[in-house]
Structure formats: C-alpha cells, structure tokens
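Chemist: A single structure is presented below for examination.
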Amino acid sequence: MAVQMPCAGLLSLHRLVRISTSSQRLLSRRDTLVKLHKCSRDLRIFSTASVKCNKNDGDSSDPSDSSGLRATLTSREALTSRRRRPLSPLERISSLVPPDALSPEVMQLREQDQQAPEEDADIQSSATHCAPEESGHEAVPKEDGSEAHNASVAGMEPDTSETQSNPTLPGESLLAFGEVLIAEHRKKGRVEFRKMFQLQARMRLPSNWGIIPHDDIAGQPAGRFFKTSLGVPILIRRASLEDYVLHMKRGPAIAYPKDAGVMLMMMDIHEGDHVLESGSGSGAMSLFLSRAVGSKGSVLSVEVRDDHQRRAVLNYRRWRASWSLRRGEEWPDNVQFHNADLCTASALLAGHGFHAVALDLINPHLVLPTVIPHLHPGARDAGHRPAGRASVCGAPFAV
C-alpha cells in the first residue's frame, strides 16, 4: 500500500501538468487569433482612411501613405480598364470594319469608348487633390462628377439633340403636316405604347408618358426619338402599309397582312393585272391589291353595304394623301369602289376582264355565275372567310 500511494500521486501530478500545458496552448492560440483579428481590422481601417482627405492629411503628408494611395488607385484603374469591354454586338462588329465604311453614329460611339478611359483617369486623379473645407468634410469635384453622370445617362438614353441635327440622306424627306405616323415607346424590348396619328398643326400627341406637340415633330427626320413633357423618349416613324392597315379605323373585320400575303401569292398577281374584289370591308385588301397591280393595273371593288363602302373609300384616300407627302409622288389611283350586289351586277362587269378575283364573302359560291364569264382563262380565285382562313382554286377556274 505504501508503494502504490506514491505512484497514484505521480500519475495525478502528471495529468495536472498535461492539463495545464494544453490550457496554456489554447490560451496562446486564442491570443494569436485575437491579435490577427485586430491587425486585419487595423488594415481595413487604414485602407479606407488612406483614400479620404481631411485637414490633417492636407497639413502633413507622409510618403508611405502617398505610395499606398497610388497603389490602390493603380489597382482600381486596372480593374476599371479590365471591366471595359464592348458588350454591344454593334461595337464588336464595328471594330473589325474599316473606318471608311462606318456611319457617323458608329464613329461617334467608337470615339466615346476611346475617351471614356481618359475621363475616368482624370476623375481619379482629381480625387487625389482634395482641398480642405471649413466643415471638415471631404471635397467632391462637382463638375467632373456631373460630367461623368451626364455621360452615363447619355449612354443609357437615346440622344435626341445630335441625331436630329444630322443631315438627311439623299432622297429622304422631312416630316410634314398631313402624314400618318407611328409613335412607339419600348421598355426592356417590350412595346409599352404604340399609336398611329396624323401630323397636324397646333395639335398634341397625348400618352401616359407625357405630351409631344405636333409642331415639334414637323420638319424633323423620321425615325427619331422625341422627348415628352415628362422627359420620356418616344420613337416617331412613318407608318408602313402594314401599320396603317392594323391601326386604321375599321367597320367590319379586315384581311390581316398575313392572310393578305397568302392570298396575293395564291392569286399570282403581277403588275398590270386587273383584279375583281367582292367585299370592300374597311379597305385593307383593296390597298394590298392596289400596290400589287401598280399604276398599270386596276382593281374593281364591290361592296353591298353603304357604310362599309364609305369607310373603305376614306381609308384609301387617307393613305394616298399621306403617301404623296411622304414620297413626293402620288399613290396609283387604280381602285374603283362601287356600292352594289355582285350577284346582280352583270351590267357593272360588262366590258371588263379580270386576271384574278378576291371574294371576301360568307357565301362566295352565290356570285360565281356572275363572275366566271368575266375571268381570263387560268384566272385564280382567293377567298377570305370570316374565320380568317384563305383558300384558293387554281387554273382552270373552278370552285
């Protein structure tokens, strides 16, 4: 027993020594972590304080602080220059095209991209020379900051002043009173506003994004952005025939451009052909037929309802008037509108021969006995049904 007791005491002493050494190691590690944390915090404070300018920094300058500031600015310049890359496909393609083949707008964008790094360097260099103020706050270069902000805004929004001052191309005419125009506003590639209107003196274009006076649009080139009273840019362009047909005033349903294109292809209409149309409607198909036959051809449009016939005539005349102002030449006056029933209009068709016939009727087979005697051999027929489906019967003419 006397021998076992000293051994047990030695074992307990050894355990106490091991516990104390392990606790000392843990404490030393903890102190090391605390010191590292303090050092990192001091470094962050020093890095943020090195870019600020106050009275004390203006009075005394340390070469080590200035070298650290230059290093931070150099690294920032490197990051900004690295981030500047042509994101637009137009800029990437224009960099591969010779300067002689580029338009003035693309050359202007290229010059802005070349001047942007120099402006950033000037702004960063001006930030290093901060003058002390009485309030103790840092001095901010207001002029340089405003110019940089204006440059960024100009890059995001379309420029309306410089583009409108550009000279027009040969053969291009300026917008005149009486033309039919389209106003569009897009947001993130989606059309938020689209309206067709006729340019008139002392009138205004209203919208949820502000008002544009018609007098400001007249005399300007088409396809330009005009800012509303709220500062929102809206694109003003001339209306195409498709736009005019889709947005014009209508009575009955119209033949939509996709159906009209199929019908024209099925009827195989060429310039100089003579076409018979039954069912003028709102005048949409009459306009497409008028353009297809040209000045050497003719279109005979028959409508049974008086109100529909008047609407078709008004739409046709309005488009012709806008076209003459737009191109400086008249649209061919090759459509004759008649208010009659084609089933009993044999006297109206007497002396006429047609290369094709377009029937926009509910029961087109009822007019065939009257139409067939006046068709050329191999003439084609295209019918537009109320459901919007086009059908055709080829030569020889048969239904």
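Chemist: Taking the range 340-395 as the search range and keeping residues that are modelled with pLDDT under 85, part of a loop (DSSP other than H, G, I, E, B) and open to solvent by less than 50 Å² (accessible area, probe 1.4 Å), which one is nearest to Val275 (Cα to Cα)?
Modeler: Result: Gly394.
Chemist: Take the range 195-209 and flag every residue that is surrounded by 15 or more Cβ atoms within 10 Å (Cβ to Cβ) and over 16 Å from Ala176 (Cα atoms).
Modeler: Ser207, Trp209
Chemist: Working only within the range 248-266, note down all residues that are within 21 Å of Ile182 (Cα to Cα) and free of Cβ contacts under 8 Å to residues at least 12 places away in the same chain.
Modeler: Selection gives Lys258 alone.
Chemist: Here's a follow-up. Would you check if there is a residue in the range 215-227 being in a loop (DSSP other than H, G, I, E, B) and open to solvent by 70 Å² or more (accessible area, probe 1.4 Å)?
Modeler: no
Chemist: Out of the range 297-311, which residues are assigned to a helix (DSSP H, G or I) and surrounded by 17 or more Cβ atoms within 10 Å (Cβ to Cβ)?
Modeler: Within the range 297-311, His308, Gln309, Arg311 qualify.
Chemist: Specify the residue that is surrounded by the fewest Cβ atoms within 10 Å (Cβ to Cβ); the eligible residues are those in the range 234-279 that are part of a loop (DSSP other than H, G, I, E, B) and within 20 Å of the chain's Cα centre (by Cα).
Modeler: Ser240
The values are calculated or read from the model by the stated rules, or taken from the named source; none is laboratory data. This one's a predicted model, so the numbers in the text were calculated from it and none came from an experiment. Don't worry about glycine lacking a Cβ; one is built from the backbone with ideal geometry, like all the others, and counts go over all protein chains shown. In case anyone asks, the SASA skips ligands and DNA or RNA and just uses the protein heavy atoms, side chains included. Shrake-Rupley method; radii C 1.70, N 1.55, O 1.52, S 1.80 Å.
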